[in-house]
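See structure below.
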Amino acid sequence: MGQRVNKVDTAVTSTGHRAAVGDPVLEIRNLSVDYGYDDSAVHALRDVSLTLGVGEVLGLAGESGCGKSTLAYAATRLLPPPGVITGGDVIFHSSRDDRRLDLFAMSDDQLRASRWDDMAIVFQGAMNSLNPVYRVGKQLIDVMTAHRPDRSRGQHRARAKELLEMVGISPDRINSYPHQLSGGMRQRVMIAMALALEPQVVIMDEPTTALDVVMQRQIVEQLVKLRNELGFSVIFITHDVSLLIELADRIAIMYAGQIIEDATADDLYRRPRHPYTYGLLNSFPPLHGPRRELSGIPGSPPDLTALPAGCPFHPRCPHAFDPCDGKRPELQGTGREGEGHRQVACFLHDGYEVAVPGHLAIAPKPREKSS
Amino acid sequence: MAQREGPATDAATTPTEDPIMLEARALTKHFPVRGLRGRGKAVRAVESVDLTLRRGQVVALVGESGSGKSTVARLLAQLYPATSGQVLLRGEPVKVRFGRRFRAYCRQVQMIFQDPFASLNPIHTVRYVLTRSLRIHHRGLSKEELETRLAGLLEQVHLRPAERYIDKFPHELSGGQRQRIAIARALGARPTVLLADEPVSMLDVSIRLGVLNLLKELKEELDLAILYITHDIASARYFADRTVVMYAGEVVESGDSESVTQNPAHPYTQLLVSSAPDPDKLADAAERPARGEPPSLIKPPSGCRFHPRCPFAMDRCKTESPPSLPAGDGRVAACWLYAEGVEKPAGLEVKA
């Protein structure tokens, strides 16, 4: 169970875009989201593009308020008012049949049919998303009766038991109420429910944040195992970058409503290119290795209602230089040898005549992947 | 000042000469269960915990949620009366509930809470919050003295210039700044002991270290004894001199932070360390033996409370509660595997 998954190989393309082996299953293009209307609107997401490949675990990391949950909700059209999607597309490519769905153009009925079936979501604080007055079995069966009305109740019940077993809960707990289960078990029921109809994409919004490390470890291992068996793709949202590095194939780092770096987990960890990524990685004291003084990142996370001009990170950035407070850097491929699929939004890597600080520069000879 | 050594847990292990500021001896807290069915039952939240806080030292108390670490802090802060056991301030047993004596105790022992969004009253400005702390604990300050002390407090927690923050309301400050105000409020009493109950877990990841580094600096500057409660064992290693691990209301292991995290002795500590995310250990994620969940504290398992989950459990573990036993490197572990004459099973030694 504790075995490490083979990471999805990534191919090198010249554009640096959409490079995961296996076709894209979910494409988010230039997605923008505002909270509120008119002049008082807060731009929670700005031109976010992200591609999820088949069978890939994509980690989405950032501090609270950076827009990672907003991205998940907007991409599934679950965003509650006053959230407004102001632009962009979300395209779902089914890998099982040849469907291509434009999520923002679907009718309510189509959307209802597609949810759970194609794409499922495990919410933040999933422990409290179960209805306390129904047995967990009924809640699991509800999902299936809504989408597979042709099957009998007995079949659904058998499937519900199978699902519970799959996530490591004894099937006789099917008649338990949520309060009779521990937090970790409730979380696993939520995961079982998301997997009930074998969706192709599972979005997990901080699924382990409320749990202890021991339980977190068990759930993450379970998830990796299920992913290997069932081959779905995962978008895993969390603020814990060190967890993502272990779990994800690719990681996108968000800051102030933008993706500022997008790279394979290994590249991101060993060779961060954006100063914020570097700072974030240095905000977690290591459990092993040498003990050293760490500083975190100076300043506070940005206030989205009053973002600084230019790069939103520049007031906290130790390497800020001329263009940073005037222009906003675009997320783009670094276009260098040995970079693979890699995008970063930082002027340090944008052809300016400036010395790139050593720890952010590309290593002359990238190390071989350890897995 | 009484130079008494603590009981078993610490007597053998601490070579440091720093005087003991606050000490818990066999501290126990049972919460009665309410309701018709709960008659006579109790949640055994904290069971016979020994703890020593020395001047200028940070002690981390690590454990899962529900392991009783916050209850220990509250017992030490005298916010709860203990069921049994003693709290000693500079060697003197203390038992205060309210009034003048409670206030005098607070002057020495201050607490910082987890959530700076909840621990600061939203309708009061920073000035009011800090003034209260100064006025209550140091009567008869003149206006000028008060002003300088206020500015000094903000300066101490790195909120400069002080004028920019002094008249702000909590909602105008970020989480990190709020927690700094909470720390300044605690410092206003000029305490000798700080009890920090998960002081950074509600903060954004990028600013956590800033607050921890601040506490470290204050510890050195003011020679504070700090109890740092956390569920993150990696931050305990970073911040604390000594680490005490709790499981289901009991202390299972204590020792200096480096050896507890690098070479954990108790099977529970081993589980905790191996469960923590560790990007560098990519390749050799070992099979993790212990499974399951923490037990109910109303009816805790007999013997060692960890035995139902422990991969090394022996017959003895089911019946007898293990005492604190020396486990090498100046550490003590409450585990029968470290009793004399017990052969260590394979796989017990965990490499760093």
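The values are calculated or read from the model by the stated rules, or taken from the named source; none is laboratory data. Here the structure is a predicted model, which means the values were calculated and not measured. All Cβ positions, glycine included, derive from the backbone under ideal geometry; neighbour counts span all protein chains shown.
Key figures
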{"item": "Residue in region B:241-250 that is buried (at least 24 other Cβ atoms within 10 Å of the Cβ) and within 11 Å of chain A (Cβ to nearest Cβ) present", "result": "yes"}
{"item": "Residue B:204 within 13 Å of chain A (Cβ to nearest Cβ), more than 16 Å from the chain's Cα centre (by Cα) and closer than 23 Å to residue A:210 by Cα", "result": "yes"}
{"item": "Region B:141-169, subset within 14 Å of chain A (Cβ to nearest Cβ) and part of a helix (DSSP H, G or I), residue nearest to residue B:87 (Cα to Cα)", "result": "B:165"}
{"item": "Subset of region A:259-289 (residues that are in a loop (DSSP other than H, G, I, E, B), small (Gly, Ala, Ser) and crowded, with 24+ Cβ neighbours inside 10 Å)", "result": "none"}
{"item": "Condition check for residue B:186: at pLDDT 90 or above and either away from chain A (no Cβ under 14 Å) or part of a loop (DSSP other than H, G, I, E, B) (or both)", "result": "yes"}
{"item": "Close pairs (7 angstrom Cβ cut-off, 6 or more residues apart or separate chains): modelled with pLDDT of 85 or more in region A:327-345, assigned to a loop (DSSP other than H, G, I, E, B) and charged (D, E, K, R) anywhere", "result": "A:329/A:350; A:344/A:273; A:345/A:330"}
{"item": "Of all residues making up region B:297-352, the number that are of a type in the set (Ser, Thr, Tyr) and either at pLDDT below 85 or outside any loop (DSSP other than H, G, I, E, B) (or both)", "result": "2"}
{"item": "Test for residue A:255: is it within 14 Å of chain B (Cβ to nearest Cβ), out of contact with any Gly (no Cβ under 7 Å at 6 or more places or on another chain), under 25 Å from residue A:235 (Cβ atoms) and touching a residue at least 60 places away in the same chain (Cβ under 8 Å)", "result": "no"}
{"item": "Selected residue [within 16 Å of the chain's Cα centre (by Cα), at pLDDT below 85 and more than 10 Å from chain B (Cβ to nearest Cβ)] from A:264, A:209", "result": "A:209"}
{"item": "Out of A:300, A:283, sole residue that is under 23 Å from residue B:275 (Cα atoms) and within 11 Å of chain B (Cβ to nearest Cβ)", "result": "A:283"}
{"item": "Some residue of region A:313-325 being in contact with a helix residue (DSSP H, G or I) (Cβ under 9 Å, 6 or more places away or on another chain), within 11 Å of chain B (Cβ to nearest Cβ) and within 25 Å of residue A:224 (Cα to Cα)", "result": "no"}
{"item": "Residue within region B:56-65 that is over 21 Å from residue B:232 (Cα atoms), surrounded by fewer than 18 Cβ atoms within 10 Å (Cβ to Cβ), out of contact with any helix residue (DSSP H, G or I) (no Cβ under 6 Å at 6 or more places or on another chain) and in contact (Cβ under 8 Å) with a residue 24 or more places away in the chain present", "result": "yes"}
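Residue-by-condition table, conditions (1) of a type outside the set (Phe, Trp, Tyr); (2) over 26 Å from residue B:275 (Cβ atoms); (3) outside any strand (DSSP E or B); (4) modelled with pLDDT of 90 or more:
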| site | (1), (2), (3), (4) |
| --- | --- |
| A:155 | yes, yes, yes, yes |
| A:158 | yes, yes, yes, yes |
| A:186 | yes, no, yes, no |
| A:203 | yes, no, no, yes |
